[in-house]
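Take this structure, written in structure tokens, and hold onto it; I'll ask about it next.
The values are calculated or read from the model by the stated rules, or taken from the named source; none is laboratory data. All figures in this text were calculated on a predicted structure; none of them were measured in a lab. Note that we place each Cβ from the backbone using ideal geometry, even for glycine, and neighbour counts take in every protein chain shown. Ligands, DNA and RNA are stripped out before the accessible areas are found, and what is left, the full protein with its side chains, is counted by its heavy atoms. Shrake-Rupley method; radii C 1.70, N 1.55, O 1.52, S 1.80 Å.
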Amino acid sequence: MPKLQLYDKLLQFPMFQGMSRADLLQMVTHTRLDFVKFPEGKRILKTGERGDRFYFLINGALKIETASEDHGYTVSEEITAPYIIQPECIFGLSLRFRSTVQTLTDTNLITIDKKEIVNLTENFIVFRLNMLNMFAMNIQKQILTQWQSPPKSLEERIVRFFSVHCQQPTGKKTVSIYMERLAAEVNDSRLDISRALNKMQNEGLLQLSRGRITIPALEKLISGI
């Protein structure tokens with residue numbers, strides 16, 4: 001990939017923003033960047049695989065599927081470039097990816113080994129600050145979610161359940177869950193859940209099928225309630 005195009009691709013990601021061309025040139029020269037191409041329908045990562053590198057999606061689209069701890073339900077998301085696949089999973093107590101990732105189109109990724117990431121944080125202060133800011137922002141978002149006002153209606157509780165289980169608040173989502181389990185998760189009856197979901201379906205916010213709820217655009221569902 002030409003250097004100018006590579007710089008533009010890297011600058012799409014928060015960790016590289018604010019770095020000068022000179023820093024980027026030095027980084028590219030002294031850091032091992034692996035360029036990987038995957039065809040449509042290829043599994044990139046599986047739940048439980050060890051997190052030993054960052055995956056930067058620079059072209060294409062992915063399906064990211066995450067299951068509950070007891071595998072009682074799953075949430076699938078469609079993610080487009082630019083995107084970093086669960087960077088938090090290479091640090092901390094659990095060094096395992098939480099989701100299975102599969103390509104929806106032909107895709108291009110840049111991967112950087114964990115040791116190289118550590119070297120970048122030591123050698124480039126802007127990169128180090130960007131890393132800290134990225135992780136701090138994710139923590140702050142989780143704290144804000146915990147302290148939000150409680151939902152005022154069943155529809156809002158259902159939407160809150162969907163949104164807190166998604167990695168991005170926008171785009172297409174598919175939730176594989178039975179009515180009984182969703183009723184237990186939001187503490188209501190199966191009948192009331194069915195009525196609320198059918199109401200949202202009639203409003204064009206989601207589609208229902210047996211054991212599956214398809215949300216064409218989560219941001220529209222959130223704003224529509």
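Could you order peptides 144-150, 167-173, 88-94 by the average number of other Cβ atoms within 10 Å of their residues, highest first?
Result, highest mean first: 167-173, 88-94, 144-150.
Right, something else. Which option, [x] 28; [y] 17; [z] 20, is the value of percent of Cα pairs over 32 Å apart that was calculated from these coordinates?
Correct label, based on the coordinates given: [x].
From the helices alone, meaning DSSP H stretches of at least four residues, give me the mean residue ellipticity at 222 nm for the chain, per-run term -39500 (n - 2.57), in deg cm²/dmol to the nearest 500.
It lands at -12000 deg cm²/dmol.
Could you name the lysines in cross-link range of residue 172, using Cα to Cα under 22 Å and dropping any fewer than eight places away on the same chain?
Within reach: 42, 46, 63, 141, 199, 220.
Please give the per residue accessible area of the chain, computed with a probe of 1.4 Å over protein heavy atoms only, in Å².
Accessible area per residue, the chain: 56 Å².
Also: May I ask what percent, to the nearest 5, of DSSP beta bridges between residues of the chain are antiparallel?
If I count the DSSP bridges inside the chain, around 100 percent turn out antiparallel.
Need one number: nm distance between label points at residue 28 and residue 180, each 7 Å from Cα along Cα→Cβ, rounded to one decimal.
Here the modelled spin labels are 5.7 nm apart.
Take the Cα pairs of segment 137-225, get the Kirkwood Rh, then feed it into Stokes-Einstein at 4 °C and 1.567 mPa s and tell me D in µm²/s.
For these conditions, the coefficient is 96 µm²/s.
Given a 1.4 Å probe and every protein chain left where it sits, what share in percent of the accessible area of the chain is carbon and sulfur?
Roughly 51 percent, rounded to a whole number.
Per residue of segment 188-193, in order, report the coupling 6.51 cos²θ - 1.76 cosθ + 1.60 (Karplus, θ = phi - 60°) as ³J(HN,Hα) in whole Hz, putting x for Gly and Pro.
8, 8, 4, 5, 5, 4
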